[in-house]
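Reviewing the structure listed below.
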Amino acid sequence: MELTVTKNATCTFCGCVCDDIELHSDGVRITHTKAACVLGTAWFKNHTVEKLFPDALIDGKPATVDEAVHFAAELLHAADMPLLYGLSNITCEATREAASLAELIGGVIDSHTSL
Amino acid sequence: MGGKVSCTLGEVKNRADLIIYWGGNPAECHPRHFTKYTIMQKGKYVPNGRKDRTMVLVDIRETPSAKAADIFLQVRPTKDFEVITLLRAMIKDQPVDEAAVAETGLSLEQLRDLVARMKACKFGVFFFGMGLSMTRGKHMNSAALLTLAAEMNAFTKFVAMPMRGHGNVTGGDVILRYTTGYPFGISLSRGYPRFNPGEFSTIDLLIRGDCDAALILGADPGATMPQPAIEHLKRIPTIVLDPKVTHTSRLARVHITTAATGISAGGTVYRMDEIPLPLRPPLKGPYPTDEEVIRRIREAVAKKADWMPGMNGVVAAA
Amino acid sequence: MLRITGGQVYDPANNVHGVVRDLCIENGRVVADVSGGRTIDASGMIVFPGGVDVHTHVAGAALNFARGMIPEQQRMARAITRSKVQRAGIGGSTPTTFATGYLYAGLGYTTVNEAAVPILSARHTHEELHDTPILDKSCCALMANNELLLDLFEAGEFEKAREVTAWLIYAAKAYGVKAVNPGGVTGWKWGKDCKGLHDVVPGYNKVTPGKIISALAKIVDDLGLPHPLHLHCNNLGAPGNFTTTLETMKLLEGNRAHMAHLQYHSYGGDDWYTMKSESATIAEYFNAHPNLTTDAGAVLFGDTVTITADGPWQHLLYKLTGKKWGNIDVENETGCGVVPYVYKEKNLVNAVQWAVGLELLLLINDPWRVFLTTDHPNGAAFWRYPEIIQLLMSSEFRKEELKKLAPKAMKRIILPELTREYTLSEIAIITSAGPARALGLKQKGHLGIGADADVAIFNAGKDVARMFSYPRYVIKSGEVVIEEGEIRKTVDGKGFLVKPHYDPKIEDYIRPLFQQVYTMSFDNYPVEMSRIMHPDIQPCMPHNL
């Protein structure tokens, strides 16, 4: 196992978005955090690169990402008023893609802010 | 009236001598807010840190954050707007009705003391949480507090900032503002952006049953939204992108597992004061990023016939 | 390959004024000749180098704050509908990023300089510039209220301040240095201002606006930045402020400087009731001092939203208008204010402002030193530039427009006396050749061999506003992006920046101070080069080396 140390990492758990976190990892999980709060530590330690979930599910059955992507495209394309919702736990780069997709499918795009 | 008078968090760290949390519980929800940005920090102009600052907590119940506060003001539930309105009158030396004060659960003395502190401070700040913005009155409460902060600038330096919850909820607002001109609740059904909260906000769309497909990005409405909204998500084809199989995944037609933001997915996120920060993901995971999956969906849709009239022909020849 | 044939070419930088000649383009550059490829018949048309905007606000935290603050204006704004080649968006006072690219290109503009970037949120500015298509972009980092620098000025450590400035410019991936209300924005952090050049900046003992301006102008010249100090003077917008402006210009003798939106700094009178134009005094001084360039910051009547790093001015404007007010103070660096505003013909102050912008453009006799801007969106949105061109080219039209003002305004302005009319060559200078030269972008603003092939082609006609509103063709980097009034193709723009020389050890000085006063990690502060789309690092020519 290769041990790595990441300095000045950014925690995305809450709106504080602290960017002074030190993360130690063994390549599979984050083993140790410095400067993170109790919520941040739990968030970082709660993730691993182990494959705990299927790549994708279609109607509850395991599928490949490719199949799921194409089926998702079909469903969104067929819809008259598709909704894109969320955005708070994805990156800005992903949101930029989402805005572009919303445009293409003539949908509504909305975030937690509207709640 | 309207707008927002605010600052970045470093201004609070360096200058604020009066810090008022309203309807928020940073001790439990934003644990490092006190130590990294506000009361505990030694700042450039508040060199003694905690000793140079006064913290006030306004809330309907005594949360663990009250322990950190110098003054705790317990407002009667649903009376925040009234308290703010009274304060707006009192800073301008307008008479207030004692009966109206009594209804708020606070005494005139408490309010007078708060007004005196607000006027005497060199740099005051309101941080307001969901206890203000998501309870009766909702955005009206936020607007009233923002106005109070703006009006306080006739006397001293004063700012206000929402305590945004989820990690990159601010980034979502920022990106939507510059791509569409609006922060949330945007319809592109006419090929250009339109904004109408109430019409294009998620809960309203779902409860009315207006939308006929949903793509859920890093959220779990199946666990958090009102039942009628969840029922509609079950009725329509729902697609979920999430690092975990969520409640919403279970009612969805499609779930795609994606890399966790900041853990195995890189990019940018915004802090509650709209400062962009880079991610340094320490792990390489087995799943694609949200960015990549959304791009692939977009590319797959782009190959199909366009829904907009006139878009399927050849672009006019050069 | 592309040949533009039969058009009247206006290329004032190469002394070409309305000559019918062919223009040949290959690999994104102007070349002597091409064989084959497409030919555009530009008979009956005029050919300009692509427009260059020296001072505009098109991206970043402040503008984006404004976008969110004015949904009632946004819903009336021009809708930009998605097509096969363009993204959706809206126009209006604060166009969305994609729309900004299309609307600028739609005027024949191909290069813009975003004039106010807080370094702390420069990553955001670049994120928006990345999504602003077609245009080449540069930006200026806000420095005149940066407390790391002010502390060094207080201590008299000029050399170190120069090193820190150089480091900051590159950290922001900026092209130039912007000074906004030097010292005044720092004062605003305590709810104060700094109006006079010799007022001590609140929180300091020795530093004054005058000292900040002199030091920054010298630093920018010493570092040899292609663009001089880009200066928004103290006391913006206030009656009687022309004396501050004159004093500032005197202070700048011996250095280069670009005086931003001079219109807002050329007022006489003692208060709002007696406010009048002092453009003649300002222009007279300016004409005699070739170390200076300026842009008009002209005002047009109508709805807009004002956005500036000048926090105290925005608080005053909020108190005057009673409208919405947005403010963001940026830790240790700068501030920003946003106030929606309507310029009205019958309002005396607004009438003076409208006249002063035009007066300066007409009274400054060297078009190579005064450029067309509205300080977008402060004076008006950039897409209204053709209205100003029409006013400059026709004194008859100005007379008609003057009739709309309150008669009382006539005593406050000198516009009715001015008969100068701009020629097409002069328009090409103030919209392209001049600003390109002031920015130090040698490949822009002209059509000589080797220039970037950015070209705007207009129908020659008498209706000047219409002609400049609807170019027949716009060519960016050799690609035809607009044809017959439609976006036909979008291309990516370049990002211009500089890397002035500094000793890397300066980081050892900055790091501990930074960690004390900022809330971001020092290592996360500099903008990564990978965020700049097609970066183009322009050379610095230090004057003293």
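A short reminder: the numbers here are calculations on the coordinates, not readings from a lab. No experiment lies behind these values; they were computed from the predicted model shown. Note that each Cβ is placed from the backbone with ideal geometry, even for glycine, and that neighbours are counted across all protein chains shown.
Annotation: the antiparallel percentage among DSSP beta bridges lying fully within chain C is about 55. For chain B, the antiparallel share of DSSP beta bridges with both residues in that region comes to about 15%. In chain C, the inverse of the mean reciprocal separation of distinct Cα atoms equals 23.3 Å; this is its Kirkwood hydrodynamic radius.
So for C:Thr293, C:Thr490, C:Thr373, fewest C-beta neighbours within 10 Å to most, what's the order? Don't skip to the answer; put the middle values down first.
Numbers: C:Thr293 27, C:Thr490 19, C:Thr373 31.
Ordered by Cβ neighbours within 10 Å, fewest first: C:Thr490, C:Thr293, C:Thr373.
Running a GNM on chain B with Cα contacts under 10 Å, which residue among B:Arg295, B:Arg190, B:Arg32 ends up with the highest mean-square fluctuation? Ranking B:Arg295, B:Arg190, B:Arg32 by mean-square fluctuation puts B:Arg190 first.
Ellipsoid fit via the Cα gyration tensor, the range A:4-45: semi-axes of 16, 11, 8 Å, each the root of five times an eigenvalue, largest first. Remark: mean inter-chain Cβ contacts per residue of C:487-495 equal 1, using a 10 Å Cβ-Cβ cutoff to other protein chain atoms.
So how many Å³ per residue does the convex hull of the Cα atoms of chain B work out to? Before the final figure, lay out each step's value.
Details: hull volume 60.4 nm³, N = 318.
Convex hull of Cα atoms, per residue: 190 Å³.
Sorted ascending by nearby beta carbons within 10 Å, beginning with the fewest, B:Thr35, C:Thr110, C:Thr56 become B:Thr35, C:Thr56, C:Thr110.
Here the ratio of the Cα radius of gyration of the range C:390-545 to 2.2 N^0.38 Å is 1.56. To the nearest Å, what is the center-to-center distance of the range C:142-163 and the range C:241-294, using C-alpha atoms only? That distance is 26 Å. As a quick test, which of the pairs C:Lys323/C:Lys399; B:Lys4/C:Lys137; B:Lys92/C:Lys319; B:Lys157/C:Lys344 have an alpha carbon distance above 22 angstrom in this structure? Long pairs (Cα-Cα over 22 Å): C:Lys323/C:Lys399; B:Lys4/C:Lys137; B:Lys157/C:Lys344.
Give the shape of the protein assembly as shown as rounded, prolate or oblate, defined through the alpha-carbon gyration tensor: a ≥ b ≥ c are the square roots of its eigenvalues, a/c under 1.5 means rounded, and otherwise the shape is prolate if a/b is larger than b/c and oblate if not. Don't skip to the end; give the middle numbers.
On the way: a/c = 1.60, a/b = 1.20, b/c = 1.33.
Oblate is the answer for the protein assembly as shown, as a/c is 1.5 or above yet b/c matches or exceeds a/b.
Taking every DSSP beta bridge that has both ends in chain A, the antiparallel portion is near 75%.
I'm a student and want to see the number: the projected area of the Cα convex hull of the range A:56-114, averaged over all directions, in nm². Kindly include the intermediate steps, with their values, before the conclusion.
Details: hull surface 18.6 nm².
Averaged projected area of the range A:56-114's Cα convex hull equals 4.7 nm².
Just to confirm a number: summing +1 for Lys and Arg and -1 for Asp and Glu over residues other than B:Ile216 whose beta-carbon lies under 14 angstrom from that of B:Ile216, what do you get?
On the way: positive: B:Lys234, B:Lys244, B:Arg250, B:Arg253; negative: A:Asp110, B:Asp220, B:Asp242, B:Asp290.
So the surrounding residues net to 0.
Counting, for every residue in C:319-330, the Cβ atoms of other protein chains within 10 Å of its Cβ and taking the mean gives 6. Taking the fewest neighbouring Cβ atoms within 10 Å as the starting point, the ordered list for C:Trp368, C:Trp383 is C:Trp368, C:Trp383. If you take the Cα centroid of the range B:98-136 and the Cα centroid of the range B:232-275, the two points sit 38 Å apart. Look at where the Cα atoms of the range B:23-45 and of the range C:375-435 average out, and the two centres are 52 Å apart.
By the scheme Lys and Arg +1, Asp and Glu -1, what is the net charge of all other residues having a beta-carbon under 11 Å from that of C:Leu63? Don't skip to the answer; put the middle values down first.
Values: positive: B:Arg177, C:Arg67; negative: C:Glu114, C:Glu128.
So the surrounding residues net to 0.
Please state the shape class of the range B:169-302: rounded when a/c is under 1.5, otherwise prolate if a/b exceeds b/c and oblate if not, all from the C-alpha gyration tensor. Taking the square roots of the gyration eigenvalues as a ≥ b ≥ c, the range B:169-302 is oblate.
For chain B, what is the mean residue ellipticity at 222 nm derived from helices alone (per DSSP H run of n ≥ 4: -39500 (n - 2.57); sum divided by total residues; nearest 500 deg cm²/dmol)?
Values: 13 runs with 110 residues, N = 318.
-9500 deg cm²/dmol, from helical runs alone.
Taking 1.002 mPa s as the viscosity and 20 °C as the temperature, the Stokes-Einstein diffusion coefficient of the range B:9-162 based on its alpha-carbon Kirkwood radius rounds to 139 µm²/s.
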